[in-house]
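The values are calculated or read from the model by the stated rules, or taken from the named source; none is laboratory data. Fair warning: this is a prediction, and the values are worked out from it, not measured in the lab. Here the Cβ is made from the backbone with ideal geometry for all residues, glycine too, and neighbour counts use every protein chain on show. SASA here: full protein model, heavy atoms, side chains in, ligands and nucleic acids out. Shrake-Rupley method; radii C 1.70, N 1.55, O 1.52, S 1.80 Å.
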Amino acid sequence: MKQASIKHGIAMAALAMAFAFCPAGAQEEEMAEFRTWALTPPMGWNSWDCYYSSVTEKEVLQNAQYLVDHDLVKYGWEYVVVDIRWYCNHPSLGGGNYNQQGTQDYVLDEYGRYLPSPTRFPSCMEDGVNVGFRPLADKLHAMGLKLGIHLMRGVPKAVVGSNYKLKGAEDAKWTQVYSSSTPACTWLKDNLTVRNSDYGQLYYNSIMDLYAEWGVDFLKIDDLSRPFYTNEIRMIRKAIDRTGRPMVLSLSPGKTQYNYANACLENANMWRMMDDLWDSWSAVDAVFAEADAWSKYARPGNYADCDMLPLGQIAMTIADKGYTAADQGRWTRLSKDEQLTMMTLWGICHSPLFFGGEMTKNNDFTDSLLTNEEYHQMHKYGEQAHQVLNDKATGHTVWTSLDPATGNRYLALFQRDYTPTEAAARSGLISRTGTRSKQMECDVTGAQQLMIVVSDWGDGFAYDRANLINPVLIDEAGNETSLTTMDAASYSSDWGTLHVNRNVENGPLRVDGQTYSTGLGLNAQCTLIYDLPEGHSYKTFRALCGYDSSCDSDNPSSSGTTMEFLFYVTTDDQPYDFDLTLLGYGANEEVPVFDVWAKASAGSATGMLTTSVPRHGVKLFRLGNQTENGIHNTVCNRQDTAPASVFYDLQGRRVLHPSSGLYIRQGRKTIIH
């Protein structure tokens, strides 16, 4: 790329017209009111990733204060969400293990509605009365923040055989509210399914009335979208709307099936595209396919959710004597490049952003991910976000979106894993009737990644128990580092899990009848990946590769127990080329390029943009240097603003006579000049 002057933005604005985005589902004359409560993707902090179910008021408030003290609110980080089981005095047995032993000690009011635990959220008690989260909401609102809470779908199982009353129908039986006294949720047995009936609706009305009285602004409702409970979602939508209080609705968990897209659009502000996402590259990498599939549904007020951001200090537990000890947790396992990839993908596809770590432990790099103004411009207001290409041969995945205020374009170049064309070493067929094992080695000088593939030789995975015996990385001084002491970046297999110092069946490692104490147990077909440390001095990887001797006795068939070991190494010396004509630029058009994360000009590109992207990393560019005043082609002329066309400003307020600026009309952003 070369340095260049600012160019005119007419071409980009015209491109915005050409690729005008219409969301899936029927067009509507007026945007549903609940969508106006979240015209940009919701952002904030959530307690789950850092404290699981054990969070207390102290941690909630210290993270809220961090948002304020570090001026994060101005970027949109405004919601503070208290996640699961705030209504139990003893919710946790440590980490993600729920206390379901009958000693969790639920807190409910006379109408069978959950209240905050007084021992964990002491501000809920006023003059001996539990007034709920109203005092906490008041504190947060005074700080310029908003309160969110988590709840499970349904009615508490504690109402069964109890004296609790259904608010609004005090003489009704609880059997008229729930459909079964056995919880349907497979992972948390707190609640029962609500009937699709007037009594079921009354219960949902009663809890939404309570949350509105508390001043709740955001509701994350769990066990609702996998499986997808359409009737309960509609009851919840109705109950929220009748309160008159804007409360953003988030559906959980994932993944949400695509055939429920319209039900999501009609009822929820956000819904999970993924199951719980943690701090591993394989988890982040899996989001690419889902983000692509859901991109056509994104529109103001409706967002597919990639899940929380497991950044900073996470996986802690607050001590609860007699139930769980304290756990200091860990720093995110994602590398800096992987964190940038996660933030960029979440941002360009308009996912909600909820920080999952304990913010008071953030470092400068972590905070830099949260405070990039141009990134937030893309995340909030970008249009036509979509995947441009996904080349598995090179690991290149490319996304783009358009800035409607300027006509500039955002371009995200991701470098994912790929299998090199040539293996650095291969064993040939390993089988019971031929070669049983082979000592293998390959050159890893300067390599960033070591990939070990064990193929099943095309006949399935039956009794394909593979062992890597004494797998070591050897440096220039001859020092050896065993893979058994390193964490794998990822492992995928048709069957079983990776075993350290045991075979895949958790038995002893045996090759050619000899037992070994050190090695890895796998099962073909499989791929095992290790990220090598930056600046390492390793020269050689070596291992004895063979099938596990248990197959000799366990496999009764003459087929199976066939495999081949292949070693691959990848380096970061390959250029990353992207053809700008795929975005509508001319082959000879000079395009200004700005590196969004580096906050610096990257010169210009003509026809082909050539750069380098680290493995698992990303380059996020802005193409074009237009300012808002430089827009020449716009989406809407002022004369096209008849009263029949309903407009909203970006705060969700209806505008009868819009003037110049950016508005929401028929579910999309519209520029008027």
Problem - Residue list for the range 238-260, restricted to those being in contact (Cβ under 8 Å) with a residue 12 or more places away in the chain, open to solvent by 10 Å² or more (accessible area, probe 1.4 Å) and in a helix (DSSP H, G or I) - result: 238, 241, 242, 243, 258, 260
Handout entry: residue 78 vs. criteria closer than 30 Å to residue 373 by Cβ and open to solvent by 30 Å² or more (accessible area, probe 1.4 Å)
Key = yes
Fill in the blank from the handout: For the range 343-368, pairs from a residue that is assigned to a helix (DSSP H, G or I) to a residue that is among the aliphatic types (A, V, I, L, M) and open to solvent by 10 Å² or more (accessible area, probe 1.4 Å), with Cβ under 9 Å and 6 or more apart or across chains, are 343/618; 344/618; 345/618; 348/385
Handout entry: Filter pass, residue 613 being outside any loop (DSSP other than H, G, I, E, B) and either closer than 30 Å to residue 373 by Cα or out of contact with any strand residue (DSSP E or B) (no Cβ under 8 Å at 6 or more places or on another chain) (or both)
Key = no
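Does the range 452-463 hold any residues that are under 34 Å from the mean Cα position of the chain (by Cα) and either of a type outside the set (Ser, Thr, Tyr) or open to solvent by 50 Å² or more (accessible area, probe 1.4 Å) (or both), and which are they?
452, 453, 454, 456, 460, 461
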Handout entry: residue 315 being of a type in the set (A, V, I, L, M, F, W, C), surrounded by fewer than 21 Cβ atoms within 10 Å (Cβ to Cβ), touching a residue at least 60 places away in the same chain (Cβ under 8 Å) and in contact with a Gly (Cβ under 9 Å, 6 or more places away or on another chain)
Key = no
Practice task
Kindly provide the set of residues from the range 497-528 that are at positive phi and either open to solvent by 40 Å² or more (accessible area, probe 1.4 Å) or of a type in the set (A, V, I, L, M) (or both), ordered by number.
Solution key: 501, 506, 512, 513
Practice task
Scan the range 94-121 residue by residue and report those that are open to solvent by 40 Å² or more (accessible area, probe 1.4 Å), in a loop (DSSP other than H, G, I, E, B) and of a type in the set (Ser, Thr, Tyr).
Solution key: 103, 111, 119
Problem - the range 141-164, residues that are crowded, with 17+ Cβ neighbours inside 10 Å and over 36 Å from the mean Cα position of the chain (by Cα) - result: 164
Fill in the blank from the handout: Condition set of a type in the set (Ser, Thr, Tyr) and more than 16 Å from residue 414 (Cα to Cα), scope the range 261-296, selection least open to solvent (accessible area, probe 1.4 Å): answer is 295
Problem - When residues of the range 595-610 are limited to those that are under 27 Å from the mean Cα position of the chain (by Cα) and in contact (Cβ under 8 Å) with a residue 60 or more places away in the chain, the one surrounded by the fewest Cβ atoms within 10 Å (Cβ to Cβ) - result: 599
Completion exercise
Subset of the range 547-563, residues buried (at least 18 other Cβ atoms within 10 Å of the Cβ) and over 15 Å from residue 505 (Cα atoms), comes to 560, 562, 563
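Yes/no matrix, rows are residues, columns are (1) of a type in the set (D, E, K, R); (2) part of a loop (DSSP other than H, G, I, E, B); (3) open to solvent by 10 Å² or more (accessible area, probe 1.4 Å):
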{"position": "384", "(1), (2), (3)": "no, no, yes"}
{"position": "390", "(1), (2), (3)": "no, no, yes"}
{"position": "394", "(1), (2), (3)": "no, yes, yes"}
{"position": "404", "(1), (2), (3)": "no, yes, yes"}
{"position": "407", "(1), (2), (3)": "no, yes, no"}
Practice task
Out of 221, 207, report the one residue that is in a helix (DSSP H, G or I) and among the β-branched types (Val, Ile, Thr).
Solution key: 207
Exercise for the section: Being farther than 16 Å from residue 228 by Cα and without any contact (Cβ under 8 Å) to a residue 24 or more places away in the chain is the filter; apply it to the range 178-196 and report the residue that is most open to solvent (accessible area, probe 1.4 Å). Expected result: 182
